[in-house]
Amino acid sequence: MHQRGRSLVLGIPWFWLLLFFAVPFFILLRMSVTDMGEGLDPFAPLVQTQAGQVTLHLKFANYVSLLLDTDLGWGQTLYLESYVLSVKYAFWTTLLCLLLGYPFAYFLARSEPHLRPLLLLMVMLPFWTSFLLRVYAWKGLLADHGIVNHILIFLGLTQEPIQLLYNDVSMLVGMTYVYLPFMVLPLYANLVKMDNRLLEASQDLGATPWQSFWLITVPLSRSGIVAGSILVFIPCLGEFVIPSLLGGAENMMIGRVVWDEMFSSNNWPRASALSVVMIVCVVLPLAWYNNYVARKVEQERLG
Amino acid sequence: MNVMGWRRHFGTGWLAAVFAFFYLPLFFLVVFSFNSTRQDSVFTGFSLRWYQALWNDTRLVEGFMLSFNVALMSATLATVLATLAAFVLIRFGRFKGRTLFNAMLSSPLVMPEVIIGLSLLLLFVGMERLLGWPERGTFTIVLGHALLGMAYASVVVQSRLKEMDRSIEEAALDLGCRPFQVFFLITLPNISQALVAAWLLTFTLSFDDVVISEFLSGPGVTTLPQVIFSYARRGVNPTIYAAATLLMVVVTLAVVVYGVYIARQQRQKQVRFNPVNG
């Protein structure tokens, strides 16, 4: 009885995860090595036996086509360009989040202790409002005659309204806005635990506040910086909604390209191949991060 | 002293500026939902016309109903599954394939939603061809959201299970409870707060999701975020501002109610442990 109960409790989530995570993943892999002409059967067998002959159906043409344009040559494809662009946007967003978020988390961690829970709640509250709607609001704010342009003109930074929407500006503002809390929260958790005696010691030894900040605070908060950067970088890579709402035709990110390939071109194998490469792009920084954390733990264990 | 003062002001200024950045879009949505014209830079006068337009917009209203139902179902499904998975991971010790199990459970946290949507779509298309089921629509969206929500919910439930005092469960077993009785009478009540938190989290995730729904919905089935998404791509539409404002009111109320609930639970706990002081 006990044993049966145990295998039931174990079996249900196993079954669920295998059916809805593992199987779809293998179908995706399978689809990515299919030829468009063979029909789009997600369950098509990989190995076919015909008249005693076993043939393996693997077509890497989809992967080649990501890199090779028949007219322009290697590396001249829209796909490669959108990967590079996605990485670029993710990188700049991470940097902007760090520049805005680090001082923010630093001052938050140094604010009055009784104010901190309220301030933290204020950071998280916008989270609970629809992501889509918050992004949509920027469309109005950044419009040619929108509020941001009014502010810029009022401040004398520009005479004429400048175009802020459907270009790099709106992309970066939108992505920084959405992912900033992901940077702030791990940084805050790290900075609030910092031992103030180290800063006092450095000041006693003659360091200026600026020096103690760069020599003590920043190196000690490195794990928070890395965690926050990963939390911003990874979801930025696969962003779909923000480029659709705030980006122009130029701001093609890979999530949107997958979508177009799937539903506009109906090229399922190529959409799958694009996704598989995208998974690799996500897994690589994550693997690096896991390695970093493991080394850190090891270092701390050894003292 | 002077330097300290300057630093304090700089710090307050930075906090205020970033908070302004956080709240500017929300403020914008609320204010311009009451605007009397379609203008989105000048407030031309107070009116409720966009709320009226919202009320008469059947697509938005129907989308809301659908999203609400989908979120209810997927949050419940995700929380039940996540509780089982978390229980397995925390209480069962080592079992065969534990690493794989854990990896599959938490992968949706980092996987781009586009990929979750696409791979599930391929599965459902394949199943429909093979078995004639399931047709794409509400049911497939619920499954997709549950898969995503389960990953988040299991993080919440796992952390609660980890810190829970195991000796109570052991005592119940010693006193002759069956394992499933222990689970329902001891474990579940003890982690109920985490279950509520996990349910709320997955509910909001599902209610807010547009990418997975876009991949998995069928003809005639559009969730509220999908309707908003399609309106939003076409340009300015203050009806959406009105919907946003209403949603914000609901969310704020929910956060307040949840906060009060947590505060009350904590007070009750204190009363239980310090009957004299309480």
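Rule-based calculations on the coordinates, nothing more; no lab input. Everything quoted here is computed from the prediction, not taken from an experiment. Virtual Cβ from ideal backbone geometry, glycine too; neighbours counted across all protein chains shown.
Could you name the lysines in cross-link range of A:Lys139, using Cα to Cα under 27 Å and dropping any fewer than eight places away on the same chain? In chain and number order, the partners are A:Lys88. Of the residues A:Val282, A:Val257, the one with the fewest other Cβ atoms within 10 Å heads the list, and the complete ranking is A:Val282, A:Val257.
When only the Cβ of Lys, Arg, Asp and Glu is charged (+1, +1, -1, -1), the dipole of the protein assembly as shown relative to its Cα centre reaches about 1740 debye. Ranking B:Thr239, A:Leu302, B:Gln52 by how far each Cα lies toward the positive end of the dipole of the protein assembly as shown (charges on Cβ) leaves A:Leu302 at the top.
Taking θ as phi - 60° and the Karplus parameters 6.51, -1.76 and 1.60, the scalar couplings of the stretch B:216-228 work out to 9, 7, x, x, x, 10, 10, 6, 4, x, 5, 4, 4 Hz in sequence order, x denoting glycine and proline. Report summary: the helix-based calculation at 222 nm, which adds -39500 (n - 2.57) for every DSSP H run with n ≥ 4 and divides by the residues of chain B, gives -25500 deg cm²/dmol. By the rule of a C-alpha distance below 20 Å, with chain neighbours fewer than 8 residues away ignored, the aspartates and glutamates paired with B:Lys162 are B:Glu170. Put in line by how crowded their Cβ is, counting other Cβ atoms within 10 Å and starting with the fewest, B:Thr76, B:Thr223, B:Thr204 read B:Thr76, B:Thr204, B:Thr223. How many angstrom lie between the Cα centre of the stretch A:272-295 and the Cα centre of the stretch B:176-245? For the stretch A:272-295 versus the stretch B:176-245, the Cα centre distance is 27 Å.
Across the stretch B:53-235, C-alpha contacts under 8 Å between residues 6 or more apart give a mean separation that, scaled by the residue count, equals a relative contact order of 41 percent. Listed by chain and number, the aspartates and glutamates whose alpha-carbon sits under 15 Å from that of A:Lys193, ignoring those within fewer than 8 places in the same chain, are A:Glu112. Remark: B:Glu62, B:Glu113 ranked as B:Glu62, B:Glu113, counting other beta-carbon atoms within 10 Å and listing the fewest first. Estimated purely from DSSP H runs of n ≥ 4, each contributing -39500 (n - 2.57), the mean residue ellipticity at 222 nm for chain A is -21000 deg cm²/dmol once divided by its residues. Among residues other than B:Ser213 with Cβ under 12 Å from its Cβ, the summed charge is -3 (Lys and Arg +1, Asp and Glu -1).
To the nearest ten degrees, helix A:78-109 and the longest principal axis of the Cα atoms of chain A are 30 degrees apart.
Highest mean packing first, where packing is the average number of other Cβ atoms within 10 Å per residue, the peptides B:93-99, A:236-242 line up as A:236-242, B:93-99.
Pairing the Cα long axis of helix A:131-141 with the longest principal axis of chain A, what angle in degrees results, from 0 to 90 and rounded to the nearest 10? That helix lies at roughly 70 degrees to the long axis.
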